[in-house]
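Values in this text are rule-based calculations from the coordinates and carry no lab data. Computed from a prediction, not measured in an experiment: that's the story for all the values here. Please note: Cβ atoms are built from the backbone with ideal geometry, for glycine as well, and neighbour counts cover all protein chains shown.
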Amino acid sequence: MQDTLEKYLPERAVSLSMELIKENGVHLKIVNQRVTRHGDYRRMPNGSHQITVNATLNKYRFLITLVHEIAHLVAFEKYGRKIKPHGLEWKRTFQYLMLPFLRPEVFPTNLLPMLARHFRNPKASSDTDAGLSLALKQFDVQDKEKSYIFELPHGSVFRIYNGKLFQKKNKRVKRYECVEVATGRVYLFQPNAEVELIKD
């Protein structure tokens, strides 16, 4: 397992991650990319704990996702199965488990202030924190076909991962109104959503 983790995690995070995995009896599966999630936690019928993480994540997002999912397991074990999946108990657990990793030996120094801000009140997904998400994306293998919503001109048409077409409209406080071309329905998109520009 250690050899596998060395491929996916920052070097100085491997041994601490191994401890978390062993200590909590985690069966870790590294899976092909899923568009709708970076990872998930499931308690299996036999009582074992399975965590899946997308293989395509960069090493910093992989680490955050792994600890995010282990935090679900630890919070459910400590507080019971009736807690909210991303409620206060999970947030506190996630903060506690992440703390040993938030250091310059693990994360690049330019990410640390954003991570510190994010972990004051962690969200259900790091993608909903647009600043952190964009900062993490600089470590991804770049896809030249993709753009971010905030980069597109007003009125441009774009395609999302499932093939649906949208036209970019006005910005609300943080998100952008976009009209689905086929139905005319309005959806809100995070500024850091990755899309394919069709025409501007």
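Some notes on this structure:
- Convex hull per residue volume in Å³, alpha carbons only, for the range 146-199: 67 Å³
- Dipole magnitude of the range 117-160 about its Cα centre (Cβ charges: Lys, Arg +1; Asp, Glu -1), debye to nearest 20: 140 debye
- Counting neighbouring Cβ atoms within 10 Å and putting the fewest first, the residues 139, 94 line up as 139, 94.
- Theoretical gain in end-to-end length, residue 3 to residue 37 [0.36 nm per residue, Cα-Cα removed]: 9.8 nm
- Inter-part distance, the range 139-200 to the range 73-93, computed on C-alpha centroids, equals 34 Å.
- Rounded to the nearest 20 debye, the dipole size of the range 2-137 about its Cα centre is 480 debye, using +1 on the Cβ of Lys and Arg and -1 on the Cβ of Asp and Glu.
- Farthest positive-ward along the range 2-137 dipole, Cα basis, beta-carbon charges - from 101, 86, 111: 86
- Fewest-first sequence of 41, 60, 161 by Cβ atoms within 10 Å of each Cβ: 161, 41, 60
- For a label point 7 Å along the Cα-to-beta-carbon line of residue 103, residues of the range 14-42 with backbone N under 14 Å: 14-17
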